[in-house]
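S.K.: For reference, the structure I am asking about is given below.
Laboratory data are not the source of any read-out in this text; all were calculated from the coordinates shown. All values derive from a computational prediction rather than experimental measurement. Because the Cβ atoms are built from the backbone with ideal geometry, glycine has one as well, and the counts that use them run over all protein chains shown.
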Amino acid sequence: MNLDERCNAIEECYEFMLAYAAQGLADDAGTQSGSQIREFLRRAVAALKGLPEAITADGLDSTAFIAVVDRDARDSLAALELVLAQPTISSLLIDNLNASIHVRALLTDLFLIDEVLKLKSVNKTQV
C-alpha cells in the first residue's frame, strides 16, 4: 500500500467514524453502518502498519518528523485495535475514539505531510 492509499484509508475511517458516532447506536449489530465500522477500522489498522516506511519511500526525508509519525501511528494503532477487540462497537465508543488525542495527532501529521509533499512536488516542477 503506498502513502496515498494509506492516508485515504485512515482519513476515510475517521470520516466514517464521525458519521457512525452521530447515529447513537448501542452496538454494531443489525445495521449497515454496524457491519461497515469494523471494515473501516481494519483498513485503517492495515494502513497504519508500515506508515513511516511509506512516508520515507514517498520522499520525505525528515528523520525527526518520521519518528513523531511513527509514535502517533503506534499510539493510534493501539487505540483502534482496542476498539476492534470489543464484542460490540457502540457509537459512544467510536465517539471516544474520535476524540482521542492520538488519532487527532496522527491526522494532523498526515495533513502536514501531504502539504510538505505537495510543496516538494511544486518546487521540483519549477526547477
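S.K.: Kindly provide log₁₀ I(q)/I(0) values, in the same order as q = 0.13, 0.14, 0.23 Å⁻¹, from the Debye equation applied to equal alpha-carbon scatterers of the chain.
M.R.: Taking Cα atoms of the chain as identical point scatterers yields -0.54, -0.61, -1.31.
S.K.: Given the DSSP H assignment, sum -39500 (n - 2.57) over each helix run of at least 4 residues in the chain and divide by its residue total; what's the result at 222 nm in deg cm²/dmol, nearest 500? Don't skip to the answer; put the middle values down first.
M.R.: Values: 6 runs with 99 residues, N = 127.
Per the formula, -26000 deg cm²/dmol.
S.K.: Any idea which of Thr31, Ser100, Leu60 is furthest toward the positive side of the dipole for the chain, if Lys and Arg beta-carbons carry +1 and Asp and Glu beta-carbons -1?
M.R.: Projecting each Cα onto the dipole axis, the largest value belongs to Leu60.
S.K.: Please report, for the Cα atoms of the range 30-75, the Rg to one decimal and the Dmax as a whole number; what are they, in angstrom?
M.R.: Expressed in Å, the Cα Rg and Dmax of the range 30-75 come to 14.2, 46.
S.K.: Suppose we take every Cα in the range 45-106 and form the convex hull; what volume per residue is that in Å³?
M.R.: Roughly 71 Å³ of hull volume per residue.
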